[in-house]
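Colleague: I'd like to ask some things about the structure below.
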Amino acid sequence: MGTENPSRPNSPPFASAPPTITPFSTSRPMVRSDAPGFRPTSYTPPTTTSSMFYGPPVGSQTSGLRPTVPPRFNDPSVLSVPTSNVLPSAGASLCFPTPQFPSGPQPLLDRASPVAQPPFQPPASQLPSVPSFRSQAQVPSVPMGSPPSSMNVTQSSSDLSFVPRPNFQSSFPAAGATLNSPLPGYMKHSSAVSQPPPMQSPFQFQQGNYAPSVPAPSPPFLSHQGSYVQPPPVANPFGLHSRDQMQHPASMTPVGGIQGLAEDFSSLSIGSVPGTMDFGLDAKALPRPLDRDVEPNSLGDAFSMNCDPRYLRLTTSAIPNSHSLLSRWHLPLGAVVCPLAQPPDGEEVPVLNFVSTGIIRCRRCRTYVNPFITFTDAGRKWRCNICSLLNDVPGEYFAHLDATGRRIDLDQRPELKKGSVEFVAPTEYMVRPPMPPLYFFLIDVSILAVQSGMIEIVAQTIKSCLDDLPGFPRTQIGFITYDSTIHFYNMKSSLTQPQMMVVSDLDDIFIPLPDDLLVNLSESRNVVEAFLDSLPSMFQHSMNLESAFGSALKAAFMVMSQLGGKLLIFQNTMPSLGVGRLKLRGDDTRVHGTDKEHALRIPEDPFYKQMAADFTKYQIGVNVYAFSDKYTDIASLGTLAKYTGGQVYYYPSFQSANHGEKLRHELTRDLTRETAWEAVMRIRCGKGIRFTSYHGNFMLRSTDLLALPAVDCDKAYAMQLSLEETLLTTQTVYFQVALLYTASCGERRIRVHTAAAPIVADLGDMYRQADIGAIISVLSRLAIEKTLTHKLEDARNSVQLRIVKALKDYRNLYAVQHRLGGRMIYPESLKLLPLYGLALCKSAPLRGGYADVQLDERCAAGFTMMALPVKKLLKLLYPSLFRVDDYLLKGSAHVDHLKNVIGRLPLTADSLDSRGLYIYDDGLRFVVWFGRMLSPDVAMNLLGPEAAAELSRVTLSERDTEMSKRLIRILKKLRESDPSYYQLCQLVRQGEQPREGFLLLTNLVEDQIGGINGYVDWILQIHRQVQQTP
């Protein structure tokens, strides 16, 4: 579309140097001075202790603290876990000691036994089952934490927030321990296995106090036992440059490989200085995104003119300079683009109209003018930042340069100062007059649709949105309904009531009165409203069970093909008549788990993909609303949305009384949000690199042109990069996203986002500038696409393999210069990679097998995740869990800043207290969990007389109590934070099975679910694979 030509001819700022910290090298916690092997040496106390000493207190000077572990759900009726089961840990990494000289299969050392007591050995009948991945002969030591960083770089308290403490309630379990009971609060009977007795831990706890340490076996790796060693040499880290260097990236000195690694080490110690402890740290958990949203690292002043990351996020902001370096980066290298994302608060994308000069573009690569171009020859020429071509400056655009080479009118030129701008396109960017906003509704009126109440909700919602549809007074509208026949509606403005025309010939479909089926809304408003008022009762006595969906789809295409627009499909019954009819194919259990399993997740009939291609060609975007309590083959129906830039909304077992509000809200947003019509998008990048693959909901028109008939702020697209040249010689690479579209007001516009990133020669720099949000966004799309050609297990394994390879190569960076022993190290930027990788493997598109997720639900979740922007995807993978009963009892009347009132909790059953009230929010739904010992007053205030009823039959509504009003305000605040979906509220009480299981417990991603490890075991498994030789 237009003239978008398909052919195509370093350093973030850091804080000032922190105080020097002298580390010590012992690889296990320091013990009192009379412990064997302790050889005191003279050393100067470090200038800063708060960032370094965070281990458990040991030796004779420890205080009388007693580590405690809350029982499961913190239920007083459940026996407490012995304190000896708490893993002592400290330092910037977790350590799991193993025997120094293993001679055979050894048990995993995860727990300490009480002093003066033999290790606990349960009867064989009560031993828990051993996960399959623990079947190795020896488990290596698994310390965990941030990678060691420079000896003169002080960690912030946020960097230490995930360092485990002695009272960490969900510490690493024993070798054969099952992490969590599948039904919290209930006794689990495990199969009997034989297990060798656990080894004695070097940390011993007594009831009521810390006991003096007993002699412990020597750790397997100790370079200087009990002594301090000199820190490694420190090189200037990546990004530590002068201000002048920041402003001139080309002048930066490249950082060497091995020499530039030392700054990643903060300390090699895993214990505190004897007799000291920092009580200011609260590090009870492994890395989790509980405090704030995951944001990409800032590249600093040198790249301050980049577009906002919400529009364009790179998987790493340090681009490799060679194929050899890229081959060592095992994570995706690419970008996530959301071209119409909501701008930051208080900002707007400037709209520019170059009437006199025309839009300034490079004559060779067609790059749009942007902040990174440079002017030369006294302002008469400008150099393209993408291809380096010198272009003439049009006379009307000319301005003199000042002494620094900047244009004197720079402050009046937003396109030269801002990374995101929008140009009004002249007529040469049009192949036809801009289309009007057009909404066409294809509605199933079979008996199931009538009985569910779907038709009534849809009709009411469309009528309520007529005043808010974009593009008034140009907006066009039309309707077709169908069951076993096709029903057209003449809504000519001269009529007082719509005329219904029925076509029963499904094999040779034709369009009666083609000129009057699409009407101008402002002219035919009365007729449209009369139709919507009568639609619910029009088919209320219908007993038709059939669905001629395929024929109705062709009819809608014939009506819309002249103009294009948005087609909204409301489908309740599996297509059973005419072209495109489908059959039940998900019930054959023999297919599941075999190489033929993936065929169930792709369209059965090529008709739907061909129709999607035709829709895209004629600028028609399709959104599918699917309602059914039976199998309807979302894999086939969703193809229509996938290839037209659309969206799939899935409402299983829809009933208007329970789900009507969710449908009403989401349909309202779909109809009223600003939409870009008949759009195409291209992303350009500098010489030597190119985008090779694209992932999301769109149709690829050429090698790099994405066709998007209708796009909005809730759609994002992922793409992967490759290098075209063996070695890149430039210092910086530039990216420019251009979206050519028709606005609802009738203007043809071009939205342009430009960003720059440094080119690096060091793998460590790539890791330091990695963006976990963009990486997971690309990785999830790749994994979901893999399920369409392979087994689910293969897709999950591919995710885990990438994580293992990435952490192994990062570990290898330090293996030459430093003795890492059994530590698990990772870059700070990727500390959440294992957690999000685990959450992805447990998401609906990838989780389990046939019995774990319904086939339609799995396919619908896959279509949804393929289109989500980064933040919404991360929230779906690792949802929020809040405890709210304390706030309801004591909170203020206003909820201005929700994060200041209630904090997020880890997604594990140990976070649930049977005396509490919790909200689970994944962005698509709420689950309100009532503990079985929750105060009856709280339940009565929230639910009234229904508090004692089964909660599956109770609907949460605002009552005339202050507590109820506070809860509704919290839910409203959470919904306002992300209006793209409406979180329907579902209530569940602890112990209500199976609802508690499938609504909440299976979504606690840190617990062991469906044969997939919990978070701790997942970390152990990954680390074990990282340590294995390739």
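Colleague: Under 5 Å between amide hydrogens, which residues at least 5 positions from residue 352 or on another chain qualify, with H placed 1.01 Å from N in the peptide plane?
Modeller: 422, 423, 424
Colleague: What FRET efficiency, computed as 1/(1 + (r/R0)^6) with R0 = 56 Å and r the Cβ-Cβ distance, is obtained for residue 730 and residue 797, rounded to the nearest 0.05?
Modeller: With R0 = 56 Å, the Cβ-Cβ based efficiency is 0.90.
Colleague: To continue, here is another question. Could you run the Karplus curve 6.51 cos²θ - 1.76 cosθ + 1.60 with θ = phi - 60° over segment 475-483 and give me ³J(HN,Hα) per residue in whole Hz, x for Gly and Pro?
Modeller: The phi angles translate into 4, 10, 8, x, 9, 9, 10, 7, 9 Hz.
Colleague: Per-residue HN-Hα couplings for segment 311-318, Karplus 6.51 cos²θ - 1.76 cosθ + 1.60 at θ = phi - 60°, whole Hz, x for Gly and Pro?
Modeller: With coefficients 6.51, -1.76 and 1.60, one gets 8, 8, 10, 8, 5, 8, 8, 10 Hz.
Colleague: A further question follows. Can you list the residues of segment 452-493 with backbone N under 18 Å from a point 7 Å past the Cα of residue 545, pointing along Cα to Cβ?
Modeller: Within reach of a label on residue 545: 452, 483-485.
Colleague: Go through 707-717, 430-440 and give me the packing order, highest mean Cβ count within 10 Å leading.
Modeller: Ranked by mean Cβ neighbours within 10 Å, highest first: 707-717, 430-440.
Colleague: Now, a different point. Mind jotting down the distance between the C-alpha centroids of segment 327-355 and segment 425-450, whole Å?
Modeller: Cα centres, segment 425-450 to segment 327-355: 26 Å.
Colleague: Moving on to the next point. Over segment 879-1004, what percent of the accessible surface lies on carbon and sulfur atoms, probe 1.4 Å?
Modeller: Carbon with sulfur: 52 percent of the solvent-accessible area.
Colleague: Taking all protein chains as present, what is the carbon and sulfur share of the accessible area of segment 438-673, in % to the nearest whole number, probe 1.4 Å?
Modeller: The C+S portion of the solvent-accessible surface of segment 438-673 is 50 percent.
Colleague: Using Cα centres only, tell me the gap between segment 462-509 and segment 557-582 in whole Å.
Modeller: Rounded to whole Å, the Cα centres lie 13 Å apart.
Colleague: Relative contact order of segment 438-673: what whole-number percent is it, with Cα pairs under 8 angstrom and at least 6 residues apart?
Modeller: Reported relative contact order: 24 percent.
Colleague: Suppose the Debye formula is applied to equal point scatterers at every Cα of segment 892-1027; what is log10 I(q)/I(0) at q = 0.14, 0.17, 0.18, 0.21 Å⁻¹?
Modeller: Each listed q maps to, in turn, -0.72, -1.00, -1.10, -1.41.
Colleague: Give the relative contact order (percent, whole number) for segment 770-878; include only Cα pairs under 8 Å separated by 6+ residues.
Modeller: Relative contact order of segment 770-878: 40 percent.
Colleague: Could you order peptides 499-508, 869-878, 973-982 by the average number of other Cβ atoms within 10 Å of their residues, highest first?
Modeller: Numbers: 499-508: 12.8, 869-878: 22.9, 973-982: 16.1.
Result, highest mean Cβ count within 10 Å first: 869-878, 973-982, 499-508.
Colleague: Just to confirm, what accessible area per residue do you get for segment 359-416 at 1.4 Å probe, in whole Å²?
Modeller: Per residue, segment 359-416 has an accessible area of 48 Å².
Colleague: To one decimal place, what orientation-averaged projected area in nm² is obtained for the convex hull of the Cα set of segment 359-416?
Modeller: Values: hull surface 14.6 nm².
Orientation-averaged projected area of the Cα hull: 3.6 nm².
Colleague: List the pairs from 871/965; 642/872; 662/872; 687/808; 583/642; 417/973 whose alpha-carbon separation is above 24 Å, in the order I gave them. All intermediate terms of the calculation are to be shown ahead of the outcome.
Modeller: Details: 871/965 29 Å; 642/872 18 Å; 662/872 18 Å; 687/808 31 Å; 583/642 21 Å; 417/973 35 Å.
Where the Cα-Cα span goes over 24 Å, the pairs concerned are 871/965; 687/808; 417/973.
Colleague: Moving on. What percent of all Cα-Cα pairs in segment 535-643 falls in each 5 Å bin, counting up from 0?
Modeller: Answer for segment 535-643: a P(r) of 2, 11, 20, 23, 18, 13, 8, 4, 2, 0 percent.
Colleague: On the first, second and third principal axes, largest extent first, how far apart are the outermost C-alpha atoms of segment 770-878 in Å?
Modeller: Principal axes ranked by extent give 52, 26, 19 Å for the Cα atoms.
Colleague: Quick one: Cα centre-to-centre distance for segment 906-984 and segment 671-688, in angstrom?
Modeller: Spelled out, the Cα-based centre of one part sits 40 Å from the other.
Colleague: At a probe radius of 1.4 Å, what is the per-residue accessible area of residue 400, in Å² to the nearest 10?
Modeller: 110
Colleague: Here's a follow-up. Using a 1.4 Å probe on the protein heavy atoms only, what accessible surface does residue 465 show? Give it in Å² to the nearest 10.
Modeller: 0
Colleague: Antiparallel DSSP bridges in segment 879-1030: what percent, to the nearest 5?
Modeller: 65
Colleague: A further question follows. Given a 1.4 angstrom probe, what's the average accessible area per residue across segment 486-591, in square angstrom? Don't skip to the end; give the middle numbers.
Modeller: Numbers: 4900 Å² over 106 residues.
Here the per-residue accessible area is 46 Å².
Colleague: From the phi angles alone, apply the Karplus equation (6.51, -1.76, 1.60; θ = phi - 60°) to segment 551-567 and give each ³J(HN,Hα) in whole Hz, x where the residue is Gly or Pro.
Modeller: 5, 5, 5, 5, 5, 4, 5, 5, 6, 8, 5, 6, 10, x, x, 10, 9
Colleague: Taking a cut-off of 29 Å, what percent of all Cα-Cα pairs in segment 438-673 are separated by more than that? Walk me through the numbers before you get to the answer.
Modeller: Numbers: 6412 of 27730 pairs.
The proportion of pairs with Cα distances above 29 Å equals 23 percent.
Colleague: For residue 889 and residue 526 in the same chain, what is the full-extension length gain: residue separation times 0.36 nm, less their Cα-Cα distance, in nm? Walk me through the numbers before you get to the answer.
Modeller: Working: separation 363, 0.36 × 363 = 130.68 nm, distance 5.08 nm.
125.6 nm is the gain from fully extending residue 889 to residue 526.
Colleague: Where in segment 607-638 is the amide nitrogen less than 19 Å from a point lying 7 Å along the Cα-to-Cβ axis of residue 589?
Modeller: Residues passing the 19 Å test: 631.
Colleague: What percent antiparallel are the DSSP beta bridges of segment 438-673, to the nearest 5?
Modeller: 30
Colleague: Okay, next question. Report the extension gain between residue 915 and residue 468 in nm, rounded to one decimal, defined as 0.36 nm multiplied by the number of residues separating them, less their alpha carbon distance.
Modeller: Details: separation 447, 0.36 × 447 = 160.92 nm, distance 4.56 nm.
The span from residue 915 to residue 468 would gain 156.4 nm if fully extended.
The values are calculated or read from the model by the stated rules, or taken from the named source; none is laboratory data. Everything numeric in this text was worked out from a predicted model, so none of it was measured. Glycine also receives a Cβ, built like all others from the backbone with ideal geometry; neighbour counts cover every protein chain displayed. Areas reflect the complete protein model, heavy atoms only, side chains present, ligands, DNA and RNA absent. Shrake-Rupley method; radii C 1.70, N 1.55, O 1.52, S 1.80 Å.
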